[in-house]
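For reference, the structure is listed below as structure tokens.
The values are calculated or read from the model by the stated rules, or taken from the named source; none is laboratory data. As the structure is a prediction and not an experimental result, all values here were calculated from the model. So basically every Cβ, Gly included, is an ideal-geometry build from the backbone, and we count neighbours across all protein chains shown. Accessible surface is based on the protein model in full, side chains and every heavy atom, while ligands, DNA and RNA are left aside. Shrake-Rupley method; radii C 1.70, N 1.55, O 1.52, S 1.80 Å.
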Amino acid sequence: MTPELAQRLVAGLKDAGIDFFTYLPESRLSDMLPLIRDDPSFTMVRTCHEGTAVTLACGAALVGKRPVVYCEATGFVLAMYNLQSMAMQFGLPVLFLISYTGSPGDKANSLSFSLWGRLLEAQIKTLGLQYRVLEDGHDLETRVSDMAWAAQFSKLPTCLLFTGEFTAFPGMLKRDRKPNE
Amino acid sequence: MERIDCLKLLAPMITDELVVIGIAGVNWEWRYLSKHEGNMTIGTLGHTLAVGTGMAMSLPHRRVIVLESDGSSLADLPCLTTIGTYRPDNLKVFVFDNELYSGSRISDPTVTAFNTDLEKMASGAGIPTTATVRDVESFGVQARAALSEPGVRYVVAKVGEGAAARKLPRPREDYLETKYRFIRYIERTEGKTIFPEQR
């Protein structure tokens, strides 16, 4: 993700009133982490398991914070139990920022990710959660804010899936090689 | 030592603390003993510790008490590392470790019945103040310290099976009722609106 997109994404979160940010880092969207860390309006909590991140966010929501969970597609799968038995069972608004690894637009796609990219949207649909796929920075701040408010109004988790230009980063594997090259 | 004797000692000490309660026996016993509006019962394995930690980090001026069991603690061991990293001053954790899964009907043992030591795991995760207690008097010392001294605290209370809890009346309050009662208490005591207005 470019520094400009990272800044706009964080600005969108602030505009939406997000003030609790819990995460396990990954490669595509991690440029936003220093911005969140340096901004005192966010309570930032690093975890070593996405399920823990979801439940921490639920605790924060119960006392009036507006929480975000940032993870990649694999982490969303790992957090499924916490998402269902805590966030959905109790009806708590949690906005997920998901790096859509393995999606067709993922600039750093590989065999390691493609399985998760094929399954993610179907899994979210099965849960009945609202989501949007973002491929570029068009109207980014509004789209972040809309989904944060959708979580508040539905009292349920909602998801933003980031692919396309959000997934390019320096040093990633180049895809311009031809087969057998 | 029986869990309910520890809870009987703790319940009258609670004033404006937020109390997050785990699953099964500790849930039934605490709800039987305490009608505190700041009780938030989770009732699902593996969430109590992280819910309490999220609350403690969100409301640092408010003491948060977590009443957890060994089985549920073992289901979210990663949370120990989050607590050890941030060490929220206002978080006080009591794990009632009966070394078995009461919900299994056959009292199948948890790993704490063998070689696993939850207090050592908490200490190794970076939680500076930990203890294991085996009698009610020692529990009382830890409870009073938790409610009067600053600093994150993690106490493992080794207790009997607590099978008598199964005979207590089960709560009629469901998940959503619990949530709204708790949220209204937070709104009133913190002077804030948690959910937006509805049309």
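General remarks:
- A single member of B:Ala157, B:Ala145, B:Ala164, B:Ala122 is touching a Phe, Trp or Tyr at 6+ places or on another chain (Cβ under 6 Å), surrounded by 14 or more Cβ atoms within 10 Å (Cβ to Cβ) and assigned to a helix (DSSP H, G or I), and it is B:Ala122.
- Summed over segment A:44-67, residues that are part of a loop (DSSP other than H, G, I, E, B) and either more than 7 Å from chain B (Cβ to nearest Cβ) or more than 20 Å from B:Asp76 (Cβ to Cβ) (or both) total 2.
- Some residue of segment B:105-119 being under 15 Å from the mean Cα position of the chain (by Cα) and either surrounded by fewer than 17 Cβ atoms within 10 Å (Cβ to Cβ) or touching a residue at least 60 places away in the same chain (Cβ under 8 Å) (or both): no
- Positions within segment A:81-94 being within 25 Å of A:Met1 (Cβ to Cβ) and part of a helix (DSSP H, G or I), in sequence order: A:Leu83
- Hey, A:Asn109 farther than 24 Å from A:Gly12 by Cα, at pLDDT below 95 and over 14 Å from the mean Cα position of the chain (by Cα) or not: yes
- Scanning segment A:71-90 for residues that are open to solvent by 10 Å² or more (accessible area, probe 1.4 Å) and within 12 Å of chain B (Cβ to nearest Cβ) returns A:Leu78, A:Tyr81, A:Asn82, A:Gln84, A:Ser85, A:Met88, A:Gln89.
- Of the strands (runs of 3 or more DSSP E) lying entirely inside segment B:1-106, those carrying at least 1 residues that are out of contact with any Lys or Arg (no Cβ under 9 Å at 6 or more places or on another chain) are B:18-21, B:64-69, B:91-97.
- Of all residues making up segment B:60-76, the number that are in contact with a helix residue (DSSP H, G or I) (Cβ under 7 Å, 6 or more places away or on another chain) and within 11 Å of another protein chain (Cβ to nearest Cβ): 3
- Residue within segment A:153-173 that is touching a Phe, Trp or Tyr at 6+ places or on another chain (Cβ under 7 Å), at positive phi and more than 14 Å from every other protein chain (Cβ to nearest Cβ) present: no
- Test: A:Val68 is surrounded by fewer than 24 Cβ atoms within 10 Å (Cβ to Cβ) and hydrophobic (A, V, I, L, M, F, W, C): no
Here's the yes/no breakdown for (1) buried (at least 17 other Cβ atoms within 10 Å of the Cβ); (2) touching a residue at least 60 places away in the same chain (Cβ under 8 Å); (3) touching a strand residue (DSSP E or B) at 6+ places or on another chain (Cβ under 6 Å); (4) in a loop (DSSP other than H, G, I, E, B):
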site	(1), (2), (3), (4)
A:Phe96	yes, yes, yes, no
A:Asp106	yes, yes, no, yes
A:Asp136	no, no, no, yes
A:Ala148	yes, yes, yes, no
A:Gly171	no, no, no, yes
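- Residue pairs whose Cβ atoms lie under 6 Å apart, separated by 6 or more positions or on different chains, with the first residue in segment A:25-43 and in a loop (DSSP other than H, G, I, E, B) and the second small (Gly, Ala, Ser), are A:Glu26/A:Ser99; A:Arg28/A:Ser99; A:Leu29/A:Ser99; A:Asp31/A:Ala6.
- Just one residue in the set B:Gly54, B:Gly43, B:Gly38, B:Gly84 is surrounded by 24 or more Cβ atoms within 10 Å (Cβ to Cβ) and either within 14 Å of chain A (Cβ to nearest Cβ) or of a type in the set (Gly, Ala, Ser) (or both); that residue is B:Gly54.
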